[in-house]
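Here the structure is laid out as structure tokens; the discussion comes afterwards.
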Amino acid sequence: MSDNNVSEVNFDRGLACRLAPALRMLYSCDGMATVSFFPDIEFFISSIADNSQDFWLTFKSDDDVESASSSYVKTYGCVPESVVVHGLGAFKIKKSTKSGRLAGKIAIVTGGAQGFGKGIAESMAAEGACIAVADLNLEGAMVCARELNAVFGEDTAIAVQVDVSDEASASNMVQETVLSFGGLDILVSNAGILIAGSLSDLSIDKFELVTKVNYTGYFLCAKHASEPMKIQHSIAPDYLMDIIEINSKSGLEGSNKNFAYAGSKFGGIGLTQSFAMELVEYGIKVNAICPGNLLDGPLWADPEHGLFKQYLDSGKVEGAKTIEDVRKFYEAKVPMGRGCAIPDVTRAILYVVEQKYETGQAIPVTGGQVMLR
Ligand SMILES: NC(=O)c1ccc[n+]([C@@H]2O[C@H](COP(=O)([O-])OP(=O)(O)OC[C@H]3O[C@@H](n4cnc5c(N)ncnc54)[C@H](O)[C@@H]3O)[C@@H](O)[C@H]2O)c1
């Protein structure tokens, strides 16, 4: 998907990122198309098998894309599959052949290199979505994207390095996604960190780091992700899109000696409700999913740094002699008797995307451990 050499050539990225989502929705108002951008027109021509210009639309960068496209449709009776913009580059539009409950959707999953994020990326790809696997850990994101392409077909996934707490990096993540796939339908804001500590122990640096990644990072990703979504809405007003924060049960109930994390997650729910109000007029739903503990994920189960090991070593769980004792203690807190698993969260994501009449909600997925009041 990223053989369009966007990183090697200078071009007006902002303009290309505004045109691609518009072209995608003009081609298919239900989003069943991808658009890839080629800044080098010569390279583009050499890379396509059939370079007949029958389905080409050529226009200047200050022409109105909507009226240029509709006069093309009037003349040729079909939408163009290649669009060349003088002074900018070329767009290749492809009908999506994906199937599944998320067929044709374009999604970003932040923190997609491991844990919940990786599992969410895999299950969304299995349901027909194209995925930008975005993570601070580029190598991990590349491994995940390669696996998705091998299982679900080339052009399913790209890897993007991102620090969600840095605005330029969050903006670049959205641009890379739009230049590779042509738009954006679902942001899963999943990247998050947990640094526990009591009031007497936790330093301001650690507090601020947790806040920056979990709270500010969600703001920055939502801010930049909503831009291509608004463009898609302007062309296809009935099309619905989603911003989904992977929050936590600690966003619904305080967490002892873990206030930096719980505070950032409670704040995430305030952002979710407020973004939902602001973005509803653009067809963008905004919801948070609040999972219980993913006891089989690396955060808990990593043999060296995982929370089971940390809690065993620190004596947090009274009487626990082994990691298994710590695990049993946490499982016993859940009415359904087990930790949260990735399919539990995937079901909630599919519900949120398919539901056309809900926004601004925080959905617990906790096996009954936290109940809404
Ligand atoms: N693990 C749990 O028990 C649990 C429970 C409820 C909610 N959650 C939430 O689920 C989300 C994922 O948690 P997880 O357990 O899978 O975590 P994890 O530590 O296994 O994975 C987090 C991923 O985020 C990436 N990341 C960290 N900081 C980043 C940054 N600044 N920019 C981009 N990527 C960054 C990491 O490289 C990593 O790949 C988090 O938001 C977390 O709060 C986790």
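The values are calculated or read from the model by the stated rules, or taken from the named source; none is laboratory data. What you see is a predicted model, and the numbers here were worked out from it, not measured in a lab. No Cβ is skipped: glycine too gets one built from the backbone with ideal geometry, and neighbour counts run over all protein chains shown.
Of the conditions (1) modelled with pLDDT of 90 or more; (2) surrounded by fewer than 15 Cβ atoms within 10 Å (Cβ to Cβ), residue 9 clears all except one; give me its number.
It fails just one condition, (1).
What's the number of the condition residue 262 fails, among (1) over 20 Å from the mean Cα position of the chain (by Cα); (2) more than 28 Å from residue 206 (Cα to Cα)?
(2) is the only condition that residue 262 fails.
Can residue 128 be described as on the phi > 0 side of the Ramachandran plot and touching a residue at least 24 places away in the same chain (Cβ under 8 Å)?
yes
What's the number of the only condition in (1) at pLDDT 95 or above; (2) within 11 Å of the ligand (Cβ to nearest atom); (3) not assigned by TED's automatic domain parsing to the domain that holds residue 123 that residue 302 fails to meet?
All conditions pass for residue 302, except number (1).
Which ones in segment 309-342 are closer than 27 Å to residue 371 by Cα and modelled with pLDDT under 95?
Result: 311, 316, 317, 318.
Within segment 94-107, is even one residue closer than 30 Å to residue 42 by Cβ and touching a helix residue (DSSP H, G or I) at 6+ places or on another chain (Cβ under 6 Å)?
Yes, some residue in segment 94-107 is closer than 30 Å to residue 42 by Cβ and touching a helix residue (DSSP H, G or I) at 6+ places or on another chain (Cβ under 6 Å).
Do we find a residue being farther than 20 Å from residue 361 by Cα, away from the ligand (no atom under 11 Å from the Cβ), free of Cβ contacts under 8 Å to residues at least 60 places away in the same chain and crowded, with 24+ Cβ neighbours inside 10 Å anywhere in segment 194-206?
No, segment 194-206 has no match at all.
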